[in-house]
Amino acid sequence: MIDTESRTGFRRAAQRMQHPAALLCLYCLACGAVQAGDDSHYSGAGFFDIHVCNWPDRPLFLMPLFSSERFAEIDRIEVFAPDDSFITELDLQRFRILKRKGKPEKRVFIRQIDMPDNATDGWYSARVKLTDGSQYRARDYVILSQLSQVSGRVPANESVLVQVPAELSWEPVTGAAHYQVFIRDLWNDSKLVYTSKLLQQPRLVLPTGLIESGGSYAWVIHARDTNEHSLLGDFNHGSLNRPATFSVD
């Protein structure tokens with residue numbers, strides 16, 4: 001059995017996971033990439049997308065991102081609304097590195113912004129200026145609606161299980177076509193120990209040996225409406241639920 005002091009420890013660790021910076025890291029791991037061609041999300045400088053995000057403890061917000069192999073050449077990345085009014089500029093000092101086997105390294109520049117008061121559906125765009133003075137434009141169609149967060153998780157939050165579970169499950173989210181699960185080991189400094197592939201069903205069959213008796217874990221689910229869409233980009237709407245914890249005796 002897990003004593004009171006130990007339970008308090010992993011609950012505090014789970015609370016740390018709710019910090020927006022930690023959630024951002026989880027969210028970024030879910031980002032994929034659509035294929036180039038006639039797709040307006042692509043320009044000669046890279047790929048542009050905006051996600052409409054529903055996360056815990058904050059109003060609906062936008063997450064614009066730009067990924068590029070030409071990151072060393074980028075001078076500015078500006079984001080514009082459908083009426084071509086300026087929304088924000090991406091911080092070139094804040095990025096994630098994508099290392100891909102057999103391909104050049106990419107940087108993904110990401111920013112979270114409050115939903116503009118006059119926000120509308122339509123074509124949002126990024127203007128990318130390179131250090132040689134050249135400019136590129138990429139566009140993403142955004143539909144401003146909210147994707148609900150996952151509910152009905154099994155095991156329920158703060159469950160104490162008598163045996164290692166074979167799977168995790170949850171209620172399907174209306175409008176969601178894909179899910180991705182992130183699991184952290186609360187006895188190991190809340191280390192991220194598992195990231196699932198995109199799932200089309202509201203369940204995850206757990207890999208053998210991932211969950212151990214005597215362990216404590218936290219898990220979150222990222223739901224998304226689509227994947228690699230020529231109009232909506234990587235996806236349009238996404239939601240992230242509050243971490244749930246469980247332990248195994």
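Observations on the structure shown:
- Cβ-Cβ under 8 Å pairs, at least 6 apart or on other chains, segment 209-230 side outside the structural domain of Val181 (by TED's automatic domain parsing) and among the acidic types (Asp, Glu), far side buried (at least 19 other Cβ atoms within 10 Å of the Cβ) and not in a loop (DSSP other than H, G, I, E, B): none
- For segment 127-183, a residue qualifies if it is acidic (Asp, Glu) and farther than 23 Å from Arg76 by Cβ, and the qualifying residues are Glu158, Glu167, Glu171.
- Yes/no for Val150 being closer than 24 Å to Trp55 by Cβ, at pLDDT 95 or above and in the same structural domain as Asn227 (by TED's automatic domain parsing): yes
- Subset of segment 158-191 (residues that are surrounded by 15 or more Cβ atoms within 10 Å (Cβ to Cβ), more than 30 Å from Val52 (Cβ to Cβ) and touching a helix residue (DSSP H, G or I) at 6+ places or on another chain (Cβ under 8 Å)): Leu186, Trp187
- Leu147 vs. criteria aliphatic (A, V, I, L, M), in a loop (DSSP other than H, G, I, E, B), surrounded by 16 or more Cβ atoms within 10 Å (Cβ to Cβ) and in contact (Cβ under 8 Å) with a residue 40 or more places away in the chain: yes
- Residue identified as of a type in the set (Asp, Glu), outside the structural domain of Asn241 (by TED's automatic domain parsing) and in contact with a Lys or Arg (Cβ under 9 Å, 6 or more places away or on another chain) among Asp84, Asp75, Asp132: Asp75
- Top-ranked residue of segment 35-93 - restricted to ones that are among the charged types (D, E, K, R) and closer than 30 Å to Ala244 by Cβ, ranked as surrounded by the most Cβ atoms within 10 Å (Cβ to Cβ): Asp49
- Val181 vs. criteria out of contact with any His (no Cβ under 6 Å at 6 or more places or on another chain) and either aromatic (Phe, Trp, Tyr) or in a loop (DSSP other than H, G, I, E, B) (or both): no
- Restricting segment 192-249 to residues that are of a type in the set (Lys, Arg) and surrounded by fewer than 21 Cβ atoms within 10 Å (Cβ to Cβ) leaves a set whose member that is nearest to Val52 (Cα to Cα) is Arg242.
- Residues that are in a strand (DSSP E or B) and either touching a residue at least 40 places away in the same chain (Cβ under 8 Å) or over 16 Å from Asp234 (Cβ atoms) (or both) were ranked within segment 84-105; the one that is farthest from the chain's Cα centre (by Cα) is Phe86.
The values are calculated or read from the model by the stated rules, or taken from the named source; none is laboratory data. In this text the structure is predicted, and so the values were computed from the model without any measurement. Methodologically, a virtual Cβ is constructed for each residue, glycine included, from the backbone with ideal geometry; neighbour enumeration extends over all protein chains shown.
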